Structure formats: C-alpha cells, structure tokens
Amino acid sequence: MTFAGRLTLLAYVAGWRLVRLLPEPVAAWCFRRAADVAWRRGGRGTTRLRANLARVVPPGTDLDALTRSALRSYARYWLEVFRLQDMPASRVLDRMRVLDEDRLRRAHAAGRGTILALPHMGNWEQAGAWLVATGVPFTTVAERLRPEALFERFLQFRTALGMEVIPLTGGEQPPSDLLTERLRAGGMLCLLADRDLSAAGVAVTFFGAPATMPPGPAALALRTGAALLPVTLWFDDDGWSARIHPEVAHTDIPTMTQRLADEFAAGIAAHPADWHMLQRIWREPRGEREPRGAGEGRP
C-alpha cells in the first residue's frame with residue numbers, strides 16, 4: 001500500500017471510529033465547518049461541483065450560496081454514513097418519506113425483478129437501509145476503491161446494512177451475469193446511474209447539453225424483463241425523502257437511458273443542493289479540461 005493509500009485509509013477509519021463517539025450535534029457542527037472550509041478554499045472538487053450546479057439552475061442563481069449548501073449536504077451524507085450502523089432502525093423508518101412508494105411495491109410484488117436507478121443525491125446508503133428494513137433486500141454494484149483495504153471496509157459496511165454488494169471489477173463473475181441472475185429470481189437492484197464509468201456510455205441530453213450515462217440499467221431491464229424505476233433522493237431538515245418516478249417503458253437502450261436522464265433532471269432541478277456530483281458529467285467544449293483532482297468523490 002502506498003503512503004497516500006495509508007493516509008486515505010486512516011482518514012476513513014478515523015471517521016468511522018471517532019465520529020461515532022461524538023455527540024451527534026457536535027459531529028454535525030464539525031462536518032458543517034469542514035464543508036465551509038472547503039467552500040472558502042475553492043479546491044478542484046468544489047470548482048467542478050460549482051460548474052455542474054451552474055448547468056442545472058436558472059440564470060441568476062447565487063452559485064456561491066448554492067455550492068456552499070451542496071458541500072454541507074455532501075458533508076451530511078458522510079456524517080450519516082459514518083454513524084449509520086449506530087442509527088436505530090426506528091429512526092430510519094420513521095424519518096424516511098417516500099413519495100409514490102406504491103410504484104416500488106407493485107413492481108416488487110410482480111416478481112419479475114426490479115431495478116431502482118438513482119443519481120448521486122441525498123443519502124442513498126440510508127435509503128438502502130430503509131429498503132432492507134421494510135423487508136426488501138437488494139443487490140448493488142460498487143466501484144473497486146484503492147487501497148483495497150478501503151474497498152473491503154465499505155464492502156463490510158454495506159453488507160452489515162443488509163445489502164449484497166458486487167464489485168464492478170475483479171469479481172469471480174462479470175457483474176452483469178450476477179445481476180441478471182438476481183433479477184430473473186425476482187430480486188431488486190439499486191444502481192447509481194448518473195455517472196458513466198466506462199467508455200461505452202450512452203449519449204443523452206441532460207439539462208440541454210450532451211452527456212453520457214451508463215447503459216447498464218436499461219440493458220438489464222431489456223435482457224430480463226425487469227421493471228426499471230428512476231428514483232431521486234433529498235434531505236429534509238431531520239430526515240430524508242425519496243420519489244419513485246414512473247416505470248420506464250421497455251423500448252431500446254438509448255431511449256430508456258434518456259428517460260432516466262429526464263427523470264433525474266427533474267429531481268435534481270427540484271433539489272440541486274442535494275446532488276453530490278464532484279466529477280465531470282457533461283462532454284466538455286473543446287479546450288476545456290477536467291480540473292485535476294476533481295475525480296474524488298463518493299465511493
């Protein structure tokens with residue numbers, strides 16, 4: 001393990017251990033302060049976040065204030081991740097509000113498999129814990145992190161919450177084969193789907209500009225006959241909200257992926273501060289480069 005890798009691992013381990021020992025109000029204050037420091041420094045990740053937000057809000061929006069709020073939202077995500085294993089199930093259930101939940105329940109009851117496709121919004125880890133607590137186990141895919149010990153830490157964390165986690169790379173079987181098996185058995189998948197991690201992304205129009213998004217959710221739905229449901233998430237003052245959008249009709253991969261992009265855009269436009277996208281999404285105009293270091297973000 002490299003020295004940088006050791007430092008990264010130590011930072012996360014310290015977060016899991018130390019933050020859980022602090023009283024919640026104190027921990028929340030610390031994370032808000034850290035977000036404000038990041039906002040004032042204006043590093044590369046903050047610069048990318050601000051540029052992304054500029055595309056999703058109307059002209060004249062105070063981007064400085066919005067970026068600060070978005071960084072605070074992102075800090076809240078990490079605070080809750082570190083403390084989630086200690087959070088009573090009653091709190092997860094009582095403070096989660098799901099709009100149009102009947103769409104999710106009907107799809108799952110049909111037994112043909114269900115794919116929940118999400119953008120990087122709100123706290124999807126907590127939403128996953130809520131889903132498991134309501135009696136619906138699910139499978140997800142995780143990008144393999146470096147150092148490997150950090151990936152294993154996140155794997156253990158998510159498994160402890162009741163999720164089945166399949167690594168994107170390096171597993172015994174290709175993830176698509178395992179995901180297909182789960183769907184054909186009537187299972188549920190939760191897939192983050194607003195950021196393309198491959199060279200095979202599907203071209204979409206996102207907030208009026210060209211972008212690419214992963215083909216996986218649409219491809220799996222067509223291959224297995226599973227229901228494909230877009231989901232958007234956001235924070236409330238003392239809880240969480242989600243919206244289950246209408247099922248995406250089975251047509252073809254480009255059309256279905258564009259539909260996901262449209263539903264994601266509607267949710268992000270309504271709650272832009274809770275979209276935690278510190279990476280490039282849109283195809284940049286010629287001559288514009290990704291800020292160095294802006295690839296750091298949520299595992």
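The values are calculated or read from the model by the stated rules, or taken from the named source; none is laboratory data. Here the structure is a predicted model, which means the values were calculated and not measured. Cβ sites come from the backbone with ideal geometry, for glycine too, and all protein chains shown count toward neighbours.
Looking only at residues of region 34-86 that are acidic (Asp, Glu) and assigned to a helix (DSSP H, G or I), we find that the one that is surrounded by the most Cβ atoms within 10 Å (Cβ to Cβ) is Glu80. Exactly one residue among Leu260, Leu229, Leu222, Leu233 is touching a helix residue (DSSP H, G or I) at 6+ places or on another chain (Cβ under 9 Å), among the hydrophobic types (A, V, I, L, M, F, W, C) and without any contact (Cβ under 8 Å) to a residue 60 or more places away in the chain, and that residue is Leu222. Only one of the numbered conditions (1) touching a strand residue (DSSP E or B) at 6+ places or on another chain (Cβ under 6 Å); (2) in a helix (DSSP H, G or I); (3) buried (at least 21 other Cβ atoms within 10 Å of the Cβ) is violated by Met256, and that is (1). Note down all Cβ pairs under 8 Å where the first residue falls in region 53-71 and is closer than 17 Å to Gln279 by Cα, the second is among the acidic types (Asp, Glu) and crowded, with 16+ Cβ neighbours inside 10 Å, and they're at least six residues apart or on different chains. The qualifying pairs are Ala70/Asp274. So, in region 109-126, of the ones that are in a helix (DSSP H, G or I) and either more than 21 Å from the chain's Cα centre (by Cα) or without any contact (Cβ under 8 Å) to a residue 40 or more places away in the chain (or both), which residue ends up surrounded by the most Cβ atoms within 10 Å (Cβ to Cβ)? Checking each candidate, the answer is Ala110. Summed over region 223-253, the residues that are surrounded by fewer than 16 Cβ atoms within 10 Å (Cβ to Cβ) and part of a helix (DSSP H, G or I) give a count of 2. Annotation note: Cβ proximity below 6 Å between a residue of region 36-48 that is at pLDDT below 95 and a residue that is outside any helix (DSSP H, G or I) and crowded, with 19+ Cβ neighbours inside 10 Å (sequence gap 6+ or interchain) occurs for Arg44/Ala294; Gly45/Leu278; Gly45/Ala294.
Whenever a residue of region 149-168 is within 19 Å of Trp130 (Cβ to Cβ), its partners that are among the polar types (S, T, N, Q) and loosely packed, with under 14 Cβ neighbours inside 10 Å, lying with C-beta atoms within less than 9 angstrom and at least six residues away or across chains, give the pairs Phe157/Gln85; Ala160/Gln85; Leu161/Gln85; Val165/Thr159. Applying the selection to region 133-153, what residues are modelled with pLDDT under 75 and either touching a Gly at 6+ places or on another chain (Cβ under 7 Å) or under 21 Å from Ala89 (Cβ atoms) (or both)? Within region 133-153, Arg144, Arg146, Pro147 meet the criteria.
In the set (1) modelled with pLDDT of 95 or more; (2) more than 23 Å from Ala261 (Cα to Cα); (3) in contact with a strand residue (DSSP E or B) (Cβ under 7 Å, 6 or more places away or on another chain), Arg184 fails one condition alone, (3).
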